[in-house]
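Engineer: I have a structure I would like to understand better, so I am pasting it below and will then ask my questions one at a time.
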Amino acid sequence: MKDIGLVGVPYSGKSTLFTALTRTGAAGGRANQAVVPVPDVRLAVLADLERSRKVVAAQVRFVDVPGGTTAQGLAALRMTDTLCVVLRSFGADANPGAELDEIRADLILADLAVIESALENAERRQKGRGAHADAEVALFTRARDVLGAERLLRDEGFGDDERVVLRGIAPLTLKPWVIVANVEEGAVVPAGLPEGTLGVSAEIEAETAGMEPEEARELLAEFGVKEPGLDRVVAACYRALDLITFLTTGEDETRAWEVRRGAHAPEAAGAIHTDLERGFIRAEVVSYEDLVAEGGWDAAKRKGLLRVEGRDYVVREGDVLHVRFAV
Ligand SMILES: Nc1nc2c(ncn2[C@@H]2O[C@H](COP(=O)(O)OP(=O)(O)O)[C@@H](O)[C@H]2O)c(=O)[nH]1
Ligand SMILES: [Mg+2]
């Protein structure tokens, strides 16, 4: 499961948003972790077609990192996969644009510190003719210059191999982020924030998150909130993770699974169970759209829409999979 770290200046509403998320999901084992189901309209459709007894959504974990953008807070954020930046956009003195600039600068400075020490280490190894040292010195020098020019590492277009090396020191600005403006109830996202910024009223979301859907909708409507924002936050954070979702369906359950983008069929099978990866023979695959258009797995099969795919198949978003295996 992937971790999403909440980041923002104090009083921006991180803990309030976290409380709202906790109420939609299960407690994550620790007080500052919330395991939250990823909303996916496809699940109910498939479950209905296949008369599944159970529906299981993919999950992500939100972490309300203690210590904000202090050294301790930033260290905890390094362990997460994606950042969810929360900006205070309620109250007369709100200045979410300035908060975003401040967070951006904090993340860049923190990365600069770890890159500089990684660079020093690489230079030391270079003198001792350590393997890979030349390439690392070049990479870390480039990364340092990017940060020195106040740019984010993730915008620099590093190659896949370079990203793997950089991830070894977990730079914060290499991670994707989702920006959330914590707005006054019913207000829209303030102008001047980056495109794609989501508007949420954390406080009212926290109040309604534990309620029955109907009751929650009524209360939100009273406050002028047309659409609950929590689902959009979870979905956006999940999308930022560079995962794809594949599905399994049957009488037992319909379920969403996450797998790395670019994963081959056996790796996807391994997300379901290690036995399925070890004993992978082939996968029967149909796209969600085809399956729904035909009215179910058996009908799709009769129409010849099931593809039989082997070990080299790269799983696609929305594939419905049935894995054949033997152990
Ligand atoms: N009016 C209003 N107040 C909020 C909202 N979200 C949070 N607050 C208040 O702002 C204060 C700081 O929130 P908190 O979640 O603790 O911020 P954190 O420091 O980022 O964790 C608390 O008093 C919250 O009740 C909101 O959407 N609207
Ligand atoms: Mg807090």
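The values are calculated or read from the model by the stated rules, or taken from the named source; none is laboratory data. As the structure is a computational prediction, the values presented were derived from the model and not from experiment. Counting neighbours? That spans all protein chains shown, and the Cβs are built from the backbone with ideal geometry, glycine included.
Engineer: Which ones in the range 222-236 are loosely packed, with under 12 Cβ neighbours inside 10 Å and over 26 Å from Val60 (Cα atoms)?
Structural biologist: Selection gives Glu222 alone.
Engineer: Let me ask something additional. Just wondering, is there one or more residues in the range 265-275 that are assigned to a loop (DSSP other than H, G, I, E, B), loosely packed, with under 14 Cβ neighbours inside 10 Å and under 28 Å from the mean Cα position of the chain (by Cα)?
Structural biologist: Among the residues of the range 265-275, at least one is assigned to a loop (DSSP other than H, G, I, E, B), loosely packed, with under 14 Cβ neighbours inside 10 Å and under 28 Å from the mean Cα position of the chain (by Cα), which makes the answer yes.
Engineer: On to the next question. Could you give me the residue pairs with C-beta distances under 8 Å whose first residue belongs to the range 8-20 and is within 14 Å of Gly73 (Cβ to Cβ) and within 7 Å of ligand 1 (Cβ to nearest atom), whose second residue is in a helix (DSSP H, G or I) and among the hydrophobic types (A, V, I, L, M, F, W, C) wherever it lies, and which are 6+ apart or on separate chains?
Structural biologist: Gly8/Ile103
Engineer: Please find, among Glu309, Glu284, Glu317, the residue that is within 24 Å of the chain's Cα centre (by Cα) and either of a type outside the set (Gly, Ala, Ser) or surrounded by fewer than 17 Cβ atoms within 10 Å (Cβ to Cβ) (or both).
Structural biologist: After applying the criteria, what remains is Glu317.
Engineer: Filter the helices (runs of 4 or more DSSP H) completely within the range 1-100 down to those with at least 2 residues that are among the aliphatic types (A, V, I, L, M), more than 16 Å from ligand 2 (Cβ to nearest atom) and more than 15 Å from Asp231 (Cα to Cα).
Structural biologist: 41-50, 71-78
Engineer: More than 16 Å from ligand 1 (Cβ to nearest atom), surrounded by fewer than 18 Cβ atoms within 10 Å (Cβ to Cβ) and under 22 Å from the mean Cα position of the chain (by Cα): which single residue out of Val60, Val56 fits that description?
Structural biologist: Unique residue meeting the criteria: Val56.
Conditions (1) modelled with pLDDT under 95; (2) not hydrophobic (A, V, I, L, M, F, W, C), marked per residue:
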residue	(1), (2)
Glu205	yes, yes
Glu222	yes, yes
Lys226	yes, yes
Val233	yes, no
Ala236	yes, no
Phe246	no, no
Arg261	yes, yes
Ala268	no, no
Ile281	no, no
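Engineer: Collect the residues in the range 65-89 that are farther than 17 Å from Thr173 by Cα and surrounded by fewer than 20 Cβ atoms within 10 Å (Cβ to Cβ), keeping them in residue-number order.
Structural biologist: Of everything in the range 65-89, those that are farther than 17 Å from Thr173 by Cα and surrounded by fewer than 20 Cβ atoms within 10 Å (Cβ to Cβ) turn out to be Pro66, Gly67.
Engineer: Still on this structure: Would a scan of the range 157-167 turn up a residue that is surrounded by fewer than 14 Cβ atoms within 10 Å (Cβ to Cβ), of a type in the set (A, V, I, L, M) and under 18 Å from Ala110 (Cβ atoms)?
Structural biologist: Looking for residues that are surrounded by fewer than 14 Cβ atoms within 10 Å (Cβ to Cβ), of a type in the set (A, V, I, L, M) and under 18 Å from Ala110 (Cβ atoms), one finds none in the range 157-167, hence no.
Engineer: Let me ask another. Going through Val292, Val323, Val259 one at a time, which residue ends up being assigned to a helix (DSSP H, G or I), surrounded by 14 or more Cβ atoms within 10 Å (Cβ to Cβ) and in contact (Cβ under 8 Å) with a residue 24 or more places away in the chain?
Structural biologist: Exactly one of Val292, Val323, Val259 is assigned to a helix (DSSP H, G or I), surrounded by 14 or more Cβ atoms within 10 Å (Cβ to Cβ) and in contact (Cβ under 8 Å) with a residue 24 or more places away in the chain, namely Val292.
Conditions (1) in contact with a strand residue (DSSP E or B) (Cβ under 9 Å, 6 or more places away or on another chain); (2) small (Gly, Ala, Ser); (3) more than 23 Å from Asp81 (Cβ to Cβ), marked per residue:
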{"position": "Val259", "(1), (2), (3)": "yes, no, no"}
{"position": "Glu277", "(1), (2), (3)": "yes, no, no"}
{"position": "Ile281", "(1), (2), (3)": "yes, no, yes"}
{"position": "Val286", "(1), (2), (3)": "yes, no, yes"}
{"position": "Gly295", "(1), (2), (3)": "no, yes, yes"}
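Engineer: Quick one: how many residues across the range 199-214 are in a helix (DSSP H, G or I), surrounded by fewer than 20 Cβ atoms within 10 Å (Cβ to Cβ) and either touching a residue at least 12 places away in the same chain (Cβ under 8 Å) or within 16 Å of ligand 2 (Cβ to nearest atom) (or both)?
Structural biologist: Of the residues in the range 199-214, 2 are in a helix (DSSP H, G or I), surrounded by fewer than 20 Cβ atoms within 10 Å (Cβ to Cβ) and either touching a residue at least 12 places away in the same chain (Cβ under 8 Å) or within 16 Å of ligand 2 (Cβ to nearest atom) (or both).
Engineer: Out of the range 127-150, which residues are assigned to a loop (DSSP other than H, G, I, E, B), free of Cβ contacts under 8 Å to residues at least 24 places away in the same chain and surrounded by 10 or more Cβ atoms within 10 Å (Cβ to Cβ)?
Structural biologist: Gly130, His132
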